[in-house]
Amino acid sequence: MAFDNYSSPNLPVPPNTYSRAYFMQLVRALGTFFKISDSRAGLTIDSVTTKILRLSVAQFIGVNGVNNNLSLASASFIRINTPTANFSITGMAGGLDGRMLVLFNSTTYNMTIANNSGSSLLANRILTGTNADIVTVGQGAVTLIYSVNDFRWIVTSLQA
């Protein structure tokens with residue numbers, strides 16, 4: 001939601017008992033909050049502002065049939081274009097807490113994401129949220145995030 005013509009009020013000077021460094025950190029956090037709240041503001045990460053969030057892209061050379069413990073590039077957007085028949089993914093290596101991943105099946109063949117499959121290592125498995133496998137019928141995309149607490153990739157969306 002944009003806050004048109006809104007400016008935050010001046011904050012009071014902290015009492016001497018407060019740490020100035022802590023107070024300045026609080027002021028910066030509030031400033032960031034208001035910048036993000038304004039829908040016209042760009043995304044600021046490490047003092048660099050952008051209006052476009054660009055994900056790193058990589059190709060995945062998949063095989064027909066079952067793909068276990070995939071070793072993917074460190075990219076966030078993985079384009080799958082090599083299978084020439086239906087294929088499945090049982091798990092992926094490289095899970096880091098909070099890592100987001102989009103798997104885009106650009107083929108006309110079905111891509112199955114196996115739910116908690118024993119064919120992949122425990123830390124590489126995928127939870128689909130349905131307690132069952134999910135399938136893109138031809139082209140489609142699956143978005144996942146890795147959770148260290150769950151020790152799994154978790155599907156957050158499916159575009160079948």
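Remarks
- Pairs, first over 25 Å from Ile126 (Cα atoms) in the range 45-73, second at pLDDT below 85 and not aliphatic (A, V, I, L, M), C-beta under 6 Å, six or more apart: Thr49/Gly42; Thr50/Gly42; Lys51/Gly42
- Of Leu144, Leu72, Leu96, Leu127, all but one fail to be of a type in the set (A, V, I, L, M) and touching a Lys or Arg at 6+ places or on another chain (Cβ under 6 Å); the exception is Leu127.
- On the stretch given as the range 74-91, residues that are hydrophobic (A, V, I, L, M, F, W, C), under 18 Å from the mean Cα position of the chain (by Cα) and surrounded by fewer than 13 Cβ atoms within 10 Å (Cβ to Cβ) total 0.
- The number of residues in the range 60-71 being surrounded by fewer than 15 Cβ atoms within 10 Å (Cβ to Cβ) and farther than 16 Å from Gly118 by Cβ comes to 5.
- Residue ID - farthest from the chain's Cα centre (by Cα), chosen from residues in the range 118-146 that are among the hydroxyl-bearing types (Ser, Thr, Tyr) and surrounded by fewer than 18 Cβ atoms within 10 Å (Cβ to Cβ): Ser119
- Strands (runs of 3 or more DSSP E) lying entirely in the range 26-120 (those with 1 or more residues that are modelled with pLDDT of 90 or more): 65-67, 77-80, 87-89, 100-105, 111-113
- Within the range 97-114, residues that are on the phi > 0 side of the Ramachandran plot have Cβ atoms under 9 Å from residues that are of a type outside the set (D, E, K, R) and part of a loop (DSSP other than H, G, I, E, B) in these pairs: Gly98/Val148, counting only partners at least 6 apart in sequence or on another chain.
The values are calculated or read from the model by the stated rules, or taken from the named source; none is laboratory data. Source: prediction; values computed, not measured. Methodologically, a virtual Cβ is constructed for each residue, glycine included, from the backbone with ideal geometry; neighbour enumeration extends over all protein chains shown.
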